[in-house]
Amino acid sequence: MTKKERAALAVEALEKYYPEVGCSLNHSTPLEMLLATQMSAQCTDARVNLITPELFKCLPTPESFANATIEQVEELIKSCGLYHSKAKDLVALGKVLVEKFDSNVPSTMEELTSLPGIGRK
């Protein structure tokens with residue numbers, strides 16, 4: 001049995017025993033999910049969920065993140081751990097999304113992991 005086949009069996013078993021499990025990060029768009037996931041490193045999902053409504057209200061698009069100052073983003077996410085580096089990554093991530101991906105969240109693992117502050121866990 002290949003690794004891919006074993007993984008498929010594991011996913012099938014998990015879905016059987018945990019059919020209603022979802023993501024604990026609040027999001028309504030792929031961009032919100034991407035940014036919330038980036039902020040969740042070294043921070044609880046509950047804390048991220050407290051921060052993101054105001055963050056996404058003030059900075060709703062990749063362009064708004066690309067044009068924001070690091071200090072502006074820091075102020076919005078300061079209750080999140082490692083907020084200095086996360087703010088820097090969020091601004092850089094906005095710029096890459098605008099310049100390289102036409103303001104869209106990429107769909108492949110290779111493209112996603114090329115983004116600032118995004119990696120495999």
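Residues in the stretch 26-41 that are surrounded by 11 or more Cβ atoms within 10 Å (Cβ to Cβ) and either more than 17 Å from Leu115 (Cβ to Cβ) or basic (Lys, Arg) (or both): Asn26 alone. What's the number of the condition Glu110 fails, among (1) in a helix (DSSP H, G or I); (2) surrounded by 14 or more Cβ atoms within 10 Å (Cβ to Cβ); (3) modelled with pLDDT under 95? Status for Glu110: all satisfied but (2).
List the residue pairs whose Cβ atoms are under 6 Å apart, where the first residue sits in the stretch 78-107 and is closer than 17 Å to Thr61 by Cα, the second is open to solvent by 50 Å² or more (accessible area, probe 1.4 Å) and among the small types (Gly, Ala, Ser), and the two are 6 or more positions apart or on different chains. Nothing qualifies.
Looking only at the stretch 66-73, decide whether some residue is within 16 Å of the chain's Cα centre (by Cα), surrounded by 15 or more Cβ atoms within 10 Å (Cβ to Cβ) and either part of a loop (DSSP other than H, G, I, E, B) or at pLDDT below 90 (or both). Checked the stretch 66-73: no residue is within 16 Å of the chain's Cα centre (by Cα), surrounded by 15 or more Cβ atoms within 10 Å (Cβ to Cβ) and either part of a loop (DSSP other than H, G, I, E, B) or at pLDDT below 90 (or both). Across the stretch 78-97, the qualifying residues are those that are assigned to a helix (DSSP H, G or I) and open to solvent by 50 Å² or more (accessible area, probe 1.4 Å), and the one among them that is nearest to Val48 (Cα to Cα) is Tyr83.
The values are calculated or read from the model by the stated rules, or taken from the named source; none is laboratory data. Values in this document were obtained by computation on a predicted structure and should not be read as measured data. Don't worry about glycine lacking a Cβ; one is built from the backbone with ideal geometry, like all the others, and counts go over all protein chains shown. With ligands, DNA and RNA removed, areas are computed over all heavy atoms of the protein, side chains included. Shrake-Rupley method; radii C 1.70, N 1.55, O 1.52, S 1.80 Å.
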